[in-house]
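Engineer: Submitted below is the structure of interest, expressed as structure tokens.
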Amino acid sequence: MSRKGHCLDNAPVESFFHILKTELLDGLPLFEDITAFKIMVQDYIHFFNYERVSLKTKGMTPVEYRNHAMTA
């Protein structure tokens, strides 16, 4: 995350954290164990990158979209 005054660098990170909180954590009780929370977040990040499709990326996962852009 960047310093104050360079807010454009933070936009993708803040967008991801918003999606993470709304899709994964909404409605769940608080975690008592930090390791269970870390595992859940790591699993979600894998899901987000390799399985979750988005209309913004023409129905592709982020990894597929990056690979498609690299070949073009």
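Here, each number is a calculation from the coordinates, and none is a lab measurement. Keep in mind it's a predicted model, so treat the numbers as computed, not measured. Neighbour counts are summed over all protein chains in view; Cβ atoms, including those assigned to glycine, are modelled from backbone coordinates with ideal geometry.
Engineer: Once you put a point 7 Å from the Cα of Gln42 and another 7 Å from the Cα of Leu24, both along the Cβ direction, what distance in nm separates them?
Structural biologist: 1.2
Engineer: If you don't mind, there's one more thing I want to ask. Would you mind getting the Kirkwood hydrodynamic radius of the chain from its Cα pairs, rounded to one decimal in Å?
Structural biologist: Result for the chain, one decimal place: 14.3 Å.
Engineer: Compare the Cα positions of Ile34, His18, Tyr50 along the charge dipole of region 7-71 (+1 at Cβ of Lys, Arg; -1 at Cβ of Asp, Glu; about the Cα centre) and return the one farthest towards the positive end.
Structural biologist: Tyr50
Engineer: Then there's this: So what's the angle, to the nearest 10 degrees on a 0 to 90 scale, between helix 34-50 and the longest Cα principal axis of the chain?
Structural biologist: That helix lies at roughly 20 degrees to the long axis.
Engineer: With everything on Cα atoms, drop me the angle between helix 11-20 and the longest principal axis of the chain, reported from 0 to 90° to the nearest 10.
Structural biologist: 50
Engineer: Angle between the Cα long axis of helix 62-71 and the longest principal axis of the chain, 0 to 90 degrees, nearest 10?
Structural biologist: The helix 62-71 is inclined about 20 degrees to the chain.
Engineer: Per residue of the chain, what 222 nm ellipticity follows from adding -39500 (n - 2.57) for every DSSP H run with n ≥ 4, rounded to the nearest 500?
Structural biologist: Value at 222 nm, helices only: -16000 deg cm²/dmol.
Engineer: Same structure again: For the chain, set up a GNM with springs between Cα atoms under 10 Å and report which of Lys38, Lys21, Lys56 has the largest fluctuation.
Structural biologist: Lys56
Engineer: Moving on. Express in nm, to one decimal, how much length is gained between Glu14 and Arg66 on full extension, taking 0.36 nm for each residue of separation and deducting their alpha carbon distance.
Structural biologist: 16.7 nm
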